[in-house]
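The values are calculated or read from the model by the stated rules, or taken from the named source; none is laboratory data. Keep in mind it's a predicted model, so treat the numbers as computed, not measured. Note: ideal-geometry Cβ built from the backbone for every residue, glycine included; neighbour counts use all protein chains shown. To get the accessible areas, we keep the full protein, side chains included, count just its heavy atoms, and leave off ligands, DNA and RNA. Shrake-Rupley method; radii C 1.70, N 1.55, O 1.52, S 1.80 Å.
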Amino acid sequence: MKQTLNVQISDKKEYLIQISDGSFEELNQEIYELTRNQKRLVVISKRVYKLYSGDLNFDDEEFLILPDGEKEKNYKNYLKIINRAFEMGLTRSDVIIAIGGGVIGDIAGYAASTYMRGIDLIQVPTTLLSAVDSSVGGKTGIDLPAGKNIVGTFYQPKRVFININFFKTLDKRQFMSGLGEVLKYAFIEESCKYSSPLYLFEFLTLSCDKILQSEPHTIIRLIDYCLKLKVAVVTVDEKEGGLRKILNFGHTLGHALETITKYRKYTHGEAVVYGMFFVINWAYMQEYINYAYYRLSLDLLNKYGFKPLCKQYPIERLVEIMKKDKKATSSKITFIIPSGKKQVTEVKLTPFDVEFALKDMENSKK
Ligand code: GLY
């Protein structure tokens, strides 16, 4: 089964996303055809290299293997890619291929966007999380100790190849992390303004068992729905001047939790899910959504085994981190919150409001 989506950012910027469960031979062949006359630098995660280098038909010298983990999305590894590209003699006509999860895609994407002022980039996401989010839409970047993605660019790939066979070796926690990001799309569907209803919320509810069992055609359909929504958003607003902010649903608190725990305690999807619980709760308390939708929302998260955050972190510190978020203004913190069924809106809260809401959430659990 193969699904193809077209991303049309502008007259000059257009690319295909291919979602398939085809063989690795087919994948190799397609990459080869697309890059036939180019020098290739294949940036690959160590884990993926160990598992799949035998299936991927590249020469040994084409690979640059980087360690796994969010803490590796740093300047040091960025420079490794740039230096290697230079040593290999890559020019502006050549290509960087990113094979791995979001960390590899973001860092290789940032390198591709800056090397010689920009060379071709092909994204081959190997996790559900990177397939439904970071490999598409052109955000690239690296982290600083002070925060995630502080340095980065908007740089669209030349092609995205999603092959769900890579997901077979994901551990359960990483797969669930991807589902955290998938669930986000159910809550924002209406606001994405896709041309026709996809009923993702209902699909996630009805197909929960098949999704949790990774039934291939259900997973392809799921990725296709998520990406149709994401593409609808980034086509209208590539650089996050407005609409694209809705893709950050659950991310304001999520990023703060990742930062406070130094990216070591929670997966990205888990942190985003905690962030979603927080904003759903807040939206209900502030009467942005009614009780029926509040319950429906919590039921969907619970159906996938997600529960609200039970560990407590110093609220003042979380708020300090959120104040430094890229989306924050000097005095307000931006949240995307539910404003109706499958709809979200942007609100700017004072640090005082946020502290109050976090304390309220903690108290409600007692
Ligand atoms: N991950 C959110 C975005 O691509 O805008």
What number of residues in segment 348-366 are under 14 Å from N281 (Cα atoms) and either β-branched (V, I, T) or open to solvent by less than 20 Å² (accessible area, probe 1.4 Å) (or both)?
-> 3
Reported set for segment 212-242 where residues are away from the ligand (no atom under 16 Å from the Cβ), of a type in the set (A, V, I, L, M) and surrounded by fewer than 20 Cβ atoms within 10 Å (Cβ to Cβ) is L212, I220
Complete set of residues in segment 303-336 that are assigned to a helix (DSSP H, G or I) and over 12 Å from L253 (Cα atoms) = K303, E316
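Return yes when S207 is more than 16 Å from the ligand (Cβ to nearest atom), within 28 Å of Y155 (Cβ to Cβ) and surrounded by fewer than 22 Cβ atoms within 10 Å (Cβ to Cβ) and no when it is not.
Numbers: more than 16 Å from the ligand (Cβ to nearest atom): yes; within 28 Å of Y155 (Cβ to Cβ): no; surrounded by fewer than 22 Cβ atoms within 10 Å (Cβ to Cβ): yes.
Criteria not met by S207.
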Residue set G254, G305; condition surrounded by fewer than 16 Cβ atoms within 10 Å (Cβ to Cβ) and at pLDDT 90 or above; output residue G305
R92 meets each of (1) within 23 Å of K13 (Cα to Cα); (2) more than 16 Å from the ligand (Cβ to nearest atom); (3) open to solvent by less than 30 Å² (accessible area, probe 1.4 Å); (4) not in a helix (DSSP H, G or I) with one exception, condition (3)
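If you check I81 against the conditions, is it surrounded by fewer than 24 Cβ atoms within 10 Å (Cβ to Cβ), at pLDDT 95 or above and of a type outside the set (S, T, N, Q)? Spell out how you get there, then give the answer.
Details: surrounded by fewer than 24 Cβ atoms within 10 Å (Cβ to Cβ): yes; at pLDDT 95 or above: yes; of a type outside the set (S, T, N, Q): yes.
Considered against the rule, which asks whether it is surrounded by fewer than 24 Cβ atoms within 10 Å (Cβ to Cβ), at pLDDT 95 or above and of a type outside the set (S, T, N, Q), I81 comes out as yes.
Please count how many residues of segment 124-138 are farther than 11 Å from N163 by Cα and open to solvent by 10 Å² or more (accessible area, probe 1.4 Å).
In the first step, residues of segment 124-138 are kept if they are farther than 11 Å from N163 by Cα; the result is 129-130, 132-138.
If we keep only those that are open to solvent by 10 Å² or more (accessible area, probe 1.4 Å) as well, we get 129, 133-134.
Looking only at that region, the number is 3.
Specify which of the listed residues (T126, T169, T153) is of a type in the set (V, I, T), within 13 Å of the ligand (Cβ to nearest atom) and over 29 Å from D299 (Cβ atoms). Talk me through it step by step, then tell me what you get.
Details: T126 fails: within 13 Å of the ligand (Cβ to nearest atom); T169 fails: within 13 Å of the ligand (Cβ to nearest atom).
From the options T126, T169, T153, the qualifying one is T153.
Return the total of residues in segment 1-40 being open to solvent by less than 60 Å² (accessible area, probe 1.4 Å) and either in contact with a Leu (Cβ under 6 Å, 6 or more places away or on another chain) or among the acidic types (D, E) (or both).
Our first condition is that a residue be open to solvent by less than 60 Å² (accessible area, probe 1.4 Å); within segment 1-40, this holds for 3, 5, 7, 9-10, 15, 17-24, 27-28, 30-31, 34-35, 38, 40.
Filter again for either in contact with a Leu (Cβ under 6 Å, 6 or more places away or on another chain) or among the acidic types (D, E) (or both), leaving 5, 17, 21, 30.
Looking only at that region, the number is 4.
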Those residues of segment 148-174 which are crowded, with 18+ Cβ neighbours inside 10 Å and under 15 Å from I220 (Cβ atoms) amount to V160, F161, I162, N163, I164, F166, F167
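Would you check if there is a residue in segment 243-265 being aromatic (F, W, Y) and more than 10 Å from the ligand (Cβ to nearest atom)? Steps first, please.
From segment 243-265, those aromatic (F, W, Y) are 249, 263; that's our starting set.
Narrowing further to those that are more than 10 Å from the ligand (Cβ to nearest atom): 263.
Yes, segment 243-265 contains a residue that is aromatic (F, W, Y) and more than 10 Å from the ligand (Cβ to nearest atom).
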